[in-house]
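The values are calculated or read from the model by the stated rules, or taken from the named source; none is laboratory data. A quick note: this is a predicted structure, and the numbers were derived from the prediction, not measured. Please note: Cβ atoms are built from the backbone with ideal geometry, for glycine as well, and neighbour counts cover all protein chains shown.
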Amino acid sequence: MSQNKSKQWLLPKRAFGDCFGCAPHNTKGLKLQFWYTENGCVSYHSIPKEYCGFTGLVHGGIIATLLDEVAAWTIITHLFRIGITVQITVKYLKPVPTEEELVIKAEILEHNGENITVLARIQSKIGLILAEAKSKWVIPSNTLLEKITGLNTQELDDLLKETIEPIQKKQLTHQNE
């Protein structure tokens, strides 16, 4: 998972509902922002001490959330679809500190249109891998997505259009540079 900062750009702040991971208006949430990268997505974020397990260390459930969230946005930005996690295997390799900037990134390892495998990592600023997850995702039918979200077809279409069109336009702009 190499990183070329010149090929990164900030994604529009867009969240699905009150998402704990990325909704900018969720007062209890993480408010993660993501940057598009050629191979996936990345977020630079410091986890507040209130989300600790042991004092000074990020809670394991928050670590899993970070890895899941960056994987989800990688699918949105590279496949232009919403995925649902069906399995995630997290490896807690080293303690993840609170109140220090972390690099949280993911890339798609494989996909066949319906099934996706994503590798996500949390790294220190100097590149030390602290945790990683391999997750499996499916692209749900619109019927299932409507059932899960409570949104109707038109609302889902509008939400996806509002989220994905700016990303597609930005990709075209960067490809033409």
Yes or no: residue 89 in contact with a Pro (Cβ under 7 Å, 6 or more places away or on another chain), in contact (Cβ under 8 Å) with a residue 40 or more places away in the chain and among the hydroxyl-bearing types (Ser, Thr, Tyr)? no
Enumeration of residues in the stretch 23-81 that are part of a loop (DSSP other than H, G, I, E, B), within 11 Å of the chain's Cα centre (by Cα) and surrounded by 21 or more Cβ atoms within 10 Å (Cβ to Cβ): 32, 34
Among (1) at pLDDT 90 or above; (2) at positive phi, where does residue 31 come up short? (1)
Residues located in the stretch 99-114, provided they are modelled with pLDDT under 95 and either of a type in the set (S, T, N, Q) or closer than 18 Å to residue 51 by Cα (or both): 112
For the stretch 6-14, check the following and say yes or no: at least one residue is in contact with a Pro (Cβ under 7 Å, 6 or more places away or on another chain), surrounded by 16 or more Cβ atoms within 10 Å (Cβ to Cβ) and at pLDDT below 75. no
